[in-house]
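None of the figures in this text is laboratory data; all of them are computed from the coordinates on show. From a predicted model like this one, the values you see are computed outputs, not experimental measurements.
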Amino acid sequence: MRKLTLLLAAALIALLAVPVFADVPTAKAAYGTPVVDGVMDDIWKTAEVNKVDKLKDGKDAGVTAVWRGLWDEKAFYVYVEVKDTDHKFDGDVSWGDGAEFYFDPLDTDVKEYTTDEVAYFGFKANDVKNTSFDGTDAAKKALQNCYKLASVVTDTGFVYEASFALSSFNAGVKMKAGTVIGFDVQVNNQNAPGGSRTGAYGWSDAGNAAWQNPSVFGKVSFEKAAVIETATAAAAAASPAAAAPQTFDIIALPLAAAVLSGAIILKKKK
């Protein structure tokens, strides 16, 4: 009975140690440092792919998008790929083709933009300097001072790559494995001219509420750095260990040779 009780207690502790996030998607950011230039480095291939496929506003025009995340001791990195062959950039920042990034770096789950650590910003795909920020004054300032952004426009769509030095926020995010942040990506699409947005797609937010309610953001966890086995280590692990010399072999072989040569005569005890 005591053993069963201990097993149940251990199982309960393990269950409580696993983060549970209700009604929001979760993603994993792999460890790695890319060059922020809109070109996919090899390190991005180690990152999890997440779909930005929730139509949160307007009409669906066939736009598809995915994002990946990386982190290191200096920053959180985002890489977004958008497939959209109809490019329009009219009107306000949130109406033309572009994207928005939402942050709750300390994972506060607040329902309003009332703390100094929750903010978001948007930009146009054809001009990364054409941006807009929202949140508290302190949060907007922190976000404005911590990011680097690159955008590449192609015939088939857009690529957005960005870094965010989240440790520069007022309370400071701990850039280490196990850290969880609140985050969301929004992709804006404009098909018709005139300055209005055709539709918007989110990763987490499905009801166009992220600009008012940060609690709808998804959760991103920073994963441990992957252990890469070198060729030398792999070869050593694959090679069988050298057999240790056996005492019997060392003594028995010379003894057998001596007996055969007549140097030693073995007599049966009577």
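In whole percent, what relative contact order does segment 24-222 give with Cα contacts below 8 Å and a gap of six or more residues?
The value is 31 percent.
Beyond 32 Å between alpha-carbons counts as too far, so tell me which of Lys59/Lys174; Lys83/Lys174; Lys74/Lys124; Lys140/Lys219; Lys45/Lys111 fall in that bin.
Beyond 32 Å: Lys59/Lys174; Lys83/Lys174; Lys45/Lys111.
Please enumerate, by chain and number, the aspartates and glutamates with C-alpha under 17 Å from the C-alpha of Lys129, excluding those fewer than 8 residues away in the same chain.
Once the sequence-local aspartates and glutamates are set aside, what remains near Lys129 is Asp37, Asp90, Asp92, Asp97, Glu100, Glu161.
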